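The values are calculated or read from the model by the stated rules, or taken from the named source; none is laboratory data. Please read all numbers here as calculations on a predicted model, not as lab measurements. Neighbour counts run over all protein chains shown; Cβ positions are idealised from the backbone, glycine included. What goes into the accessible areas is simple: the full protein's heavy atoms, side chains included, and nothing from ligands, DNA or RNA. Shrake-Rupley method; radii C 1.70, N 1.55, O 1.52, S 1.80 Å.
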Amino acid sequence: MIEIDLTRAILAFMCGYFLTLSGSLSQIVTNNSLASPSTLGFDALAALSVIVSQGIIVYGGISYPLEFVSLAIFGFIFCGFIAISYTKGKTTLRYFSLDIKFLILTGLGFNLFVGAIFSIVQFLFMSLNWEFPSGLWFGNFRFFHEESVYIFGLTLSAILFYLFKNISQLRLLSLGEDIALGLGVNVVKAQRLALLVSLGLTGVVISFFGVFSFIGLIMPHMLRGFNFFNKSMRHELFIGPAVGGASLSIIDYFCFRFDFQGAEFPAGMVSSIVGALLLIVLLAKSQVKNFAKD
Amino acid sequence: MKIEIKNAFKVNQRWVDINLAACKNELNFLIGPNGVGKTSLFTFLKLNPSLFGNLKPAYVGQSRFHPLSDLYVSDALKVIEEEVKGALSWKDNTLSKNLNLELLMDKKVSALSGGENQKLKIALALMTPFDILLLDEPLQNLDKENQELIISFLEKLSQDKIVLIIEHDLNKYPNKAGKINVMSNLENRVEVMHDRD
């Protein structure tokens, strides 16, 4: 008999859904199949908000759960990004207020920076005997609040509304920003919105469950290996994330079922290992020439 | 068609003044030295389609058509048909047929040669209703045969639509009877001026 924690399975599904969609959107914006929330620094930003939240909880003596404080901090940063992008990001001859390559390099640099901060903060927390979210970098679904389902459900509704409203623009943008601009797409607005959505989805997942590396990078890439998804961006954006969600749910199920000396493997660890191996395979199949060309 | 704007945008910290003209029945050109800002002007015009008044513009850019997904040519054309209001099927466009696209339908966009990719870019532009077609160096990286095909195609197109070509080498074009707009660096600014009315 298969034992399933339904709430946990649903949450894992929605996390996989959000991360896959986040990856697809970041790849559409950059027109680069190796872009992902990680390479754009979104993972690192969300992780930073978790670290800051833990500091606020411990130092400030706040009794709210970490994930909700983290979501609030991240939400504050997110609103800041919205404000900056709409006031500072006026239309320029570069389509977008930032060069995409610069964005990726900044994201990678920011990842390294947050990694260093994480190590320093971990050292300080341990020295002060404060509780530290050490499982942050390998997300897992072992502990969660039932209210999370409502937040994720609300996010899912918002995302589906966004997709239905913007699917045409996203399909045209996936042909390349040059073509999209020539066809009358407001490329600046479409790219900005897609990046904000990608950032928001990543932030929600990491605030609650930690980092699940490579899902946002690998899943969209793998989906496009199948004609059903490759032929139609609609399929990739609506149905593809469900495949990502199911994958993470299955990974988490096996992590739940098989423990090691009483300890459960974090699903994020498994996704990192599997994702890294798949990335090597994909790179070896010359997919990197798109990145090199760009 | 005429576009006249002072201080339209900046290139290398210098304002660009535009006095651009183009007409039907002939090929029109925008020429200028490398780095003067011709492609930036092209982008500026793309971002401000209202400058063309009642005329609807369509564009063929310089960079290779490179969709995110590894699409077949037929699928790429289908995206335009399905997502752009008023888009025509390429089969309904007599001019598109001159581009011999049927031969490319089962090829992946990534497998197209430079000439084939250019033909596809032009076909994509032709699928939406337009009055003026702007092309940024359409003969770049093409062999002589494809250059002649594209030039012949554009000359036919110009009978019905306004065609404006950004080029830095007019010697490739046998017929230069249309407006020639010159983009040049002045002391403190950049100027685009058409040479004759």
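When restricted to residues that are touching a residue at least 60 places away in the same chain (Cβ under 8 Å), in a helix (DSSP H, G or I) and either open to solvent by 50 Å² or more (accessible area, probe 1.4 Å) or at the interface with chain A (Cβ under 7 Å from one of its Cβ atoms) (or both), segment B:26-42 contains 1.
Could you go through segment A:249-272 and let me know if any residue there is closer than 17 Å to residue B:70 by Cβ and either touching a residue at least 40 places away in the same chain (Cβ under 8 Å) or crowded, with 23+ Cβ neighbours inside 10 Å (or both). No, that holds for no residue.
If you go through segment B:119-136 and pick out every residue that is open to solvent by 20 Å² or more (accessible area, probe 1.4 Å) and farther than 22 Å from residue B:50 by Cβ, you end up with 1. From the list B:58, B:87, the one residue that fits, being over 15 Å from residue B:117 (Cβ atoms) and in a strand (DSSP E or B), is B:58.
Of the residues making up segment A:97-111, not a single one is within 13 Å of chain B (Cβ to nearest Cβ), more than 20 Å from residue A:48 (Cβ to Cβ), at pLDDT 90 or above and not in a loop (DSSP other than H, G, I, E, B).
Of the residues that sit in segment B:72-82 and are of a type outside the set (Gly, Ala, Ser) and surrounded by fewer than 22 Cβ atoms within 10 Å (Cβ to Cβ), which one is farthest from the other protein chains (Cβ to nearest Cβ)? Going through the qualifying residues, I end up with B:81. If the condition is being farther than 14 Å from residue B:30 by Cβ and under 14 Å from the mean Cα position of the chain (by Cα), then segment B:155-191 contributes B:155, B:157, B:158, B:161.
Among the numbered conditions (1) within 14 Å of chain A (Cβ to nearest Cβ); (2) surrounded by 15 or more Cβ atoms within 10 Å (Cβ to Cβ); (3) under 22 Å from residue B:119 (Cβ atoms), the only one that residue B:63 does not meet is (2).
(1) out of contact with any strand residue (DSSP E or B) (no Cβ under 9 Å at 6 or more places or on another chain); (2) within 22 Å of residue B:79 (Cβ to Cβ): which one isn't true of residue B:160, the others all being true? Exception for residue B:160: condition (2).
Close contacts from segment B:110-133, counting a first residue that is within 13 Å of another protein chain (Cβ to nearest Cβ) and a second that is open to solvent by 10 Å² or more (accessible area, probe 1.4 Å) and of a type in the set (Asp, Glu), with Cβ to Cβ under 6 Å and a gap of 6+ residues or different chains, come to B:110/B:70. Screening residue B:15 on (1) in a helix (DSSP H, G or I); (2) touching a residue at least 40 places away in the same chain (Cβ under 8 Å) shows it passes everything except condition (1).
Hey, can you tell me all the residues within segment B:43-60 that are among the aliphatic types (A, V, I, L, M), open to solvent by 30 Å² or more (accessible area, probe 1.4 Å) and at the interface with another protein chain (Cβ under 8 Å from one of its Cβ atoms)? Passing the criteria: only B:47. Restricting attention to segment B:86-116, the residues that are within 17 Å of residue B:151 (Cβ to Cβ) and open to solvent by less than 30 Å² (accessible area, probe 1.4 Å) total 3.
Picking from A:42, A:18, which residue would you name as being in contact with a Ser or Thr (Cβ under 6 Å, 6 or more places away or on another chain) and of a type in the set (Phe, Trp, Tyr)? After ruling out the rest, the residue left standing is A:42. Tell me, yes or no, whether segment A:168-176 has at least one residue that is away from chain B (no Cβ under 14 Å), buried (at least 20 other Cβ atoms within 10 Å of the Cβ) and touching a helix residue (DSSP H, G or I) at 6+ places or on another chain (Cβ under 6 Å). Among the residues of segment A:168-176, not one is away from chain B (no Cβ under 14 Å), buried (at least 20 other Cβ atoms within 10 Å of the Cβ) and touching a helix residue (DSSP H, G or I) at 6+ places or on another chain (Cβ under 6 Å), which makes the answer no.
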